[in-house]
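This is the structure I have questions about; it appears just below.
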Amino acid sequence: MENARPDIIARATVPEGARPYMRIIKPLIGMGWHMTRDFSRLLGPRSVALVGPEAWCHDIISNIRSMGYVWDIWPVVPGAGHVAGLRAFDDIGHLPAGPDAAIIGLAQGAAVEAVAGLSAKGAGGAICQGKADAEALAAAAGEMPLLGPDCRGMINALERLPLWNGAHGLRPVKRGVAIISRSASLAQTLSMHRRGLPIACIAVAHPGPAQTRMAMLGRALLEDPRVTALGIQGEDLGSPEMFLEMAQVAERLGKSIVVLRAGEEDGAAALLARAGAARVRTPEGLLEALKMLHVMGVMPAPQISALSVSGCAAGLIRELGQSRGLSFPAFTDLQLEALRSDLGRDAVLANPLDAQQAAALPVARIARLIAEAMSGRAVLTLLVIDHPRADRCDSDIWAKVIEAAILAKQTVEMPLAVVSALPEGMPEPQAEALLAHQLIPLAGLSAAFEALRACVKLGGIQRHASPLFVPPADTPAVPMDEGQVRAMLAGQGLDPLPATASAGPELRMRLSLDRTYGYVLTLSHGPERSIALLPLRGGEAEVMLRSLGLGKEQVASVVPALHSVQDHVIAEGGKPGEFELVLRPDAGRGAHASGPRNRAAGE
């Protein structure tokens, strides 16, 4: 540690036995890491102020009344007298008290002045819809929570309060998921879904606005016991430190975070993994994943069973599931015997199960069939059936199969999802009816399997959202000495010479500096890759290597080298910009290293 910069060594006491890098984490955490604000009034308001033009206030009041909000509404419109039958106030100073929540439909200097007035009045929080200088807004807000500038609003279905002008699709709920969107148009679109998902709150928030950042709002929403899971539109995750702090809150509360992010960026992917968050790539995948989390939580294993009553062949279900990393364990002998008794000795009994002939059976026998499929080694059972077109067909078969599914769920008490092959095969009234019986309605196989993969990831992820090593931006560019690197590797029992004669598999290690996320460690073995951020958490190196298919002894031969490189880079204070190494782990004979290359940060 002699080369470590004094200003990045923590003053905190280091636990005995901790690795050296544990000394240099806390001072590198961003200023917002421990910032907290009181969102209780903004998220549970008993009075709201609307500060803006009369027509704009009228639109929001109409939305508020339609949703059934029963508390005080105070429009602030100079000279109006009354707006939508409510007394209007000439300025914020004339309000009866500081409102719990406020939304501002003004821009630039007028918006800053309104924020300052609300803060002085003791408001519980405000939303600024208009454009304005972010620094000026933050200074005007002080300690008052503020969303904006350029924030469309928040629709709080728990409190029956849409601080939102224009159309939206939410209805009052007592419990549900929360969604934070960077885009007002996406927020509005998600609110209009017809998939049965109860949404407690949709808010528009940016990662780096005037004051209240996305992760701060996410933390406040997670702390509401009525919120079951959190979804985030995450093209930009904002401050990694604040994102990890939000993840720590989710971990403490036993809740999950799902991020909608289509782009590929190693640093962001590693941050999500460190945070214990799952990623989906489509809006419908986000909604279906949140629906699963709302009903059953995470999936502890990828084993599922499936039976198709209509809509899809078992072979297609198997291929779709396996392409997402899911497995279909074979039915046990006891299951097979019970299934034969209902489907006949000539039936092809495999998981997934083609069970279209079961639709002709009585409800009790269909229930017994579904219950048997739920009774094996799977952690979740999928019942694939599509609701027929109401304008052309009757729904007798659907009604009979769903009645049987409810009976089976009551008997076995294991998770059961009803999945339609196509999204339109799961109409909203049917989805809501299924949720009322604790059945999981999943609309469309593609989105369903995307959601299942996310929930499996959440069930198996290391959820300890520990801080990152992010060197200061002014760290000088000094390359690592390759002689020191070779000596360091040799000290860990690795042959640092060219290893062309080694029979071990080639494992490539790349360490690169990202000024946002810190050091990104990439391990690759053939087409497989595993990514993490420094410092590695306890056991994380082993998990990464096993995910690449390495055996126990091969893993053990490489782990010391990974930790040694990590400790050296951190002890150097973040000077190296990139480091590459080829490792060849030989089971029982140690490991070889070849081709160390490095460059300085900033080169």
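The values are calculated or read from the model by the stated rules, or taken from the named source; none is laboratory data. The structure presented is a predicted model; accordingly, all values stated were derived computationally and were not measured. Cβ coordinates were reconstructed from backbone atoms using ideal geometry, including for glycine residues, and neighbour counts include every protein chain displayed. The accessibility values were calculated without ligands, DNA or RNA, using every heavy atom of the protein model including side chains. Shrake-Rupley method; radii C 1.70, N 1.55, O 1.52, S 1.80 Å.
Give the residue, chosen from ASP396, ASP386, that is more than 19 Å from LEU316 (Cα to Cα) and acidic (Asp, Glu). Break it down stepwise before answering.
On the way: ASP386 fails: more than 19 Å from LEU316 (Cα to Cα).
Checking each option against the conditions leaves just ASP396.
Then there is this: For the stretch 62-82, indicate whether the set of residues that are among the hydroxyl-bearing types (Ser, Thr, Tyr), modelled with pLDDT of 95 or more and either open to solvent by 70 Å² or more (accessible area, probe 1.4 Å) or within 15 Å of ALA140 (Cβ to Cβ) (or both) is non-empty. First the steps, then the outcome.
So in the stretch 62-82, the residues among the hydroxyl-bearing types (Ser, Thr, Tyr) come out as 62, 66, 69.
Narrowing further to those that are modelled with pLDDT of 95 or more: 62, 66, 69.
Subset that is either open to solvent by 70 Å² or more (accessible area, probe 1.4 Å) or within 15 Å of ALA140 (Cβ to Cβ) (or both): 66.
Looking for residues that are among the hydroxyl-bearing types (Ser, Thr, Tyr), modelled with pLDDT of 95 or more and either open to solvent by 70 Å² or more (accessible area, probe 1.4 Å) or within 15 Å of ALA140 (Cβ to Cβ) (or both), one finds at least one in the stretch 62-82, hence yes.
List the pairs whose first member sits in the stretch 55-71 and is under 9 Å from PRO162 (Cα atoms) and free of Cβ contacts under 8 Å to residues at least 24 places away in the same chain, whose second member is open to solvent by 20 Å² or more (accessible area, probe 1.4 Å) and not in a loop (DSSP other than H, G, I, E, B), and whose Cβ atoms are under 8 Å apart, counting only residues at least 6 apart or on separate chains?
Filtered contacts from the stretch 55-71: no entries.
Is it the case that SER308 is within 24 Å of ALA399 (Cβ to Cβ) and within 35 Å of the chain's Cα centre (by Cα)?
Values: within 24 Å of ALA399 (Cβ to Cβ): yes; within 35 Å of the chain's Cα centre (by Cα): yes.
So SER308 passes the test.
What is the residue count in the stretch 435-454 for residues that are open to solvent by 10 Å² or more (accessible area, probe 1.4 Å) and either touching a strand residue (DSSP E or B) at 6+ places or on another chain (Cβ under 6 Å) or of a type in the set (Phe, Trp, Tyr) (or both)?
1
Turning to a different aspect of this structure: Enumerate the strands (runs of 3 or more DSSP E) found wholly within the stretch 376-464, keeping only those where 1 or more residues are within 30 Å of PHE243 (Cβ to Cβ) and of a type outside the set (Gly, Ala, Ser).
Numbers: elements: 380-384, 416-420, 440-443.
Per the criteria, 380-384, 440-443.
Could you say whether any residue in the stretch 561-580 is open to solvent by 20 Å² or more (accessible area, probe 1.4 Å), at pLDDT 85 or above and not polar (S, T, N, Q)?
Yes, the stretch 561-580 contains a residue that is open to solvent by 20 Å² or more (accessible area, probe 1.4 Å), at pLDDT 85 or above and not polar (S, T, N, Q).
Follow-up. Within the stretch 104-130, restricting attention to residues that are open to solvent by less than 10 Å² (accessible area, probe 1.4 Å) and not in a loop (DSSP other than H, G, I, E, B), which residue is nearest to CYS57 (Cα to Cα)?
Top of the filtered list is ILE104.
LEU272 is checked against (1) open to solvent by 40 Å² or more (accessible area, probe 1.4 Å); (2) within 13 Å of the chain's Cα centre (by Cα) and fails just one. What number does that condition carry?
(1)
Suppose we filter ALA203, ALA178 for residues that are under 25 Å from LEU137 (Cα atoms) and outside any helix (DSSP H, G or I); which single one remains?
Residue meeting the stated conditions: ALA203.
Something else about it: Looking only at residues in the stretch 360-378 that are within 25 Å of SER395 (Cα to Cα) and surrounded by fewer than 18 Cβ atoms within 10 Å (Cβ to Cβ), which one is modelled with the lowest pLDDT? Can you show your working first?
Quick first cut of the stretch 360-378, residues within 25 Å of SER395 (Cα to Cα) only: 360-374.
Still in the list and also surrounded by fewer than 18 Cβ atoms within 10 Å (Cβ to Cβ): 360, 362-365.
Numbers: ALA360: 89, PRO362: 95, VAL363: 96, ALA364: 95, ARG365: 94.
Looking at the filtered set, the residue picked out is ALA360.
Does any residue of the stretch 486-494 turn out to be modelled with pLDDT of 85 or more and either open to solvent by 30 Å² or more (accessible area, probe 1.4 Å) or under 32 Å from the mean Cα position of the chain (by Cα) (or both)? Before you say what the answer is, go through the steps one by one.
The initial filter retains those residues of the stretch 486-494 that are modelled with pLDDT of 85 or more, namely none.
Scanning the stretch 486-494, I find no residue that is modelled with pLDDT of 85 or more and either open to solvent by 30 Å² or more (accessible area, probe 1.4 Å) or under 32 Å from the mean Cα position of the chain (by Cα) (or both), so the answer is no.
So which residues in the stretch 71-86 are part of a strand (DSSP E or B) and either acidic (Asp, Glu) or closer than 22 Å to GLU159 by Cβ (or both)? Steps first, answer last, please.
So the first thing to find is which residues in the stretch 71-86 are part of a strand (DSSP E or B), and the list is 72-76, 82-83, 86.
Within the stretch 71-86, ASP72, ILE73, TRP74, PRO75, VAL76, VAL83, LEU86 qualify.
Just one of the numbered conditions (1) modelled with pLDDT under 95; (2) out of contact with any Ser or Thr (no Cβ under 7 Å at 6 or more places or on another chain) is not true of GLY267; which one?
Unmet for GLY267, out of (1) modelled with pLDDT under 95; (2) out of contact with any Ser or Thr (no Cβ under 7 Å at 6 or more places or on another chain): (2).
With the requirement that a residue be surrounded by 15 or more Cβ atoms within 10 Å (Cβ to Cβ), out of contact with any Phe, Trp or Tyr (no Cβ under 8 Å at 6 or more places or on another chain) and hydrophobic (A, V, I, L, M, F, W, C), what does the stretch 89-102 give you?
Start the filter on the stretch 89-102 by keeping residues that are surrounded by 15 or more Cβ atoms within 10 Å (Cβ to Cβ), which leaves 89, 92, 95, 98-102.
Imposing the further condition that a residue be out of contact with any Phe, Trp or Tyr (no Cβ under 8 Å at 6 or more places or on another chain) reduces the set to 92, 98, 100-102.
Once the filter is applied, which keeps residues that are surrounded by 15 or more Cβ atoms within 10 Å (Cβ to Cβ), out of contact with any Phe, Trp or Tyr (no Cβ under 8 Å at 6 or more places or on another chain) and hydrophobic (A, V, I, L, M, F, W, C), the stretch 89-102 yields ILE92, ALA101, ALA102.
When you check GLY169 against the structure, is it surrounded by fewer than 24 Cβ atoms within 10 Å (Cβ to Cβ), touching a helix residue (DSSP H, G or I) at 6+ places or on another chain (Cβ under 6 Å) and small (Gly, Ala, Ser), yes or no? Quick ask: steps written out before the conclusion?
On the way: surrounded by fewer than 24 Cβ atoms within 10 Å (Cβ to Cβ): yes; touching a helix residue (DSSP H, G or I) at 6+ places or on another chain (Cβ under 6 Å): yes; small (Gly, Ala, Ser): yes.
Criteria met by GLY169.
Right, another one. Scan the stretch 541-548 and give yes if some residue there is at pLDDT 85 or above, part of a loop (DSSP other than H, G, I, E, B), in contact with a His (Cβ under 7 Å, 6 or more places away or on another chain) and closer than 22 Å to GLU264 by Cβ, otherwise no. Quick ask: steps written out before the conclusion?
Residues of the stretch 541-548 at pLDDT 85 or above: 541-548.
Retained after the next criterion (residues that are part of a loop (DSSP other than H, G, I, E, B)): 548.
From what is left, the residues that are in contact with a His (Cβ under 7 Å, 6 or more places away or on another chain) are 548.
Subset that is closer than 22 Å to GLU264 by Cβ: 548.
Looking for residues that are at pLDDT 85 or above, part of a loop (DSSP other than H, G, I, E, B), in contact with a His (Cβ under 7 Å, 6 or more places away or on another chain) and closer than 22 Å to GLU264 by Cβ, one finds at least one in the stretch 541-548, hence yes.
So, one more: Determine which single condition ALA306 fails, assuming it passes every other condition in (1) free of Cβ contacts under 8 Å to residues at least 40 places away in the same chain; (2) hydrophobic (A, V, I, L, M, F, W, C); (3) crowded, with 24+ Cβ neighbours inside 10 Å.
(1)
Right, another one. State which residue is nearest to MET296 (Cα to Cα) when the search covers only the stretch 144-180 and only residues that are among the small types (Gly, Ala, Ser) and modelled with pLDDT of 95 or more. Let's see the steps before the verdict.
First, pick out the residues of the stretch 144-180 that are among the small types (Gly, Ala, Ser): 148, 153, 157, 166-167, 169, 176, 178.
From what's left, modelled with pLDDT of 95 or more: 153, 157, 167, 169, 176, 178.
Working: GLY153: 30, ALA157: 22, ALA167: 31, GLY169: 25, GLY176: 13, ALA178: 16 Å.
Only one residue fits best here, namely GLY176.
Could you grab me the full set of residues in the stretch 309-339 that are touching a Pro at 6+ places or on another chain (Cβ under 7 Å) and open to solvent by less than 20 Å² (accessible area, probe 1.4 Å)?
Initially, the stretch 309-339 is screened for residues touching a Pro at 6+ places or on another chain (Cβ under 7 Å), giving 314, 317-318, 325-328.
Hits for the stretch 309-339 are ALA314, ILE317, LEU326.
With the checklist (1) crowded, with 21+ Cβ neighbours inside 10 Å; (2) charged (D, E, K, R); (3) over 15 Å from the mean Cα position of the chain (by Cα) in hand, flag the one item GLU265 doesn't pass.
(1)
Would you check which residues across the stretch 190-243 are open to solvent by less than 10 Å² (accessible area, probe 1.4 Å), among the hydroxyl-bearing types (Ser, Thr, Tyr) and at pLDDT 95 or above and list them?
Within the stretch 190-243, just SER191 meets the criteria.
Also: Quick check on the stretch 335-359: of everything there that is in a helix (DSSP H, G or I) and of a type in the set (Asp, Glu), which residue is nearest to GLY376 (Cα to Cα)?
Quick first cut of the stretch 335-359, residues in a helix (DSSP H, G or I) only: 335-343, 356-359.
From what is left, the residues that are of a type in the set (Asp, Glu) are 337, 342.
Numbers: GLU337: 13, ASP342: 17 Å.
Here the residue is GLU337.
Name every residue in the stretch 288-298 that is open to solvent by less than 10 Å² (accessible area, probe 1.4 Å) and touching a Leu at 6+ places or on another chain (Cβ under 7 Å), in order of residue number.
So in the stretch 288-298, the residues open to solvent by less than 10 Å² (accessible area, probe 1.4 Å) come out as 288-292.
Scanning the stretch 288-298 gives GLU288, LEU290, LYS291.
Being part of a loop (DSSP other than H, G, I, E, B) and not hydrophobic (A, V, I, L, M, F, W, C) is the filter; apply it to the stretch 181-200 and report the residue that is nearest to THR228 (Cα to Cα). Explain how you work it out, then say what you get.
So in the stretch 181-200, the residues part of a loop (DSSP other than H, G, I, E, B) come out as 182-183, 192-198.
Subsequent filtering for residues that are not hydrophobic (A, V, I, L, M, F, W, C) retains 182-183, 193-196, 198.
Values: ARG182: 21, SER183: 22, HIS193: 18, ARG194: 19, ARG195: 17, GLY196: 15, PRO198: 10 Å.
For the stretch 181-200, the residue satisfying everything is PRO198.
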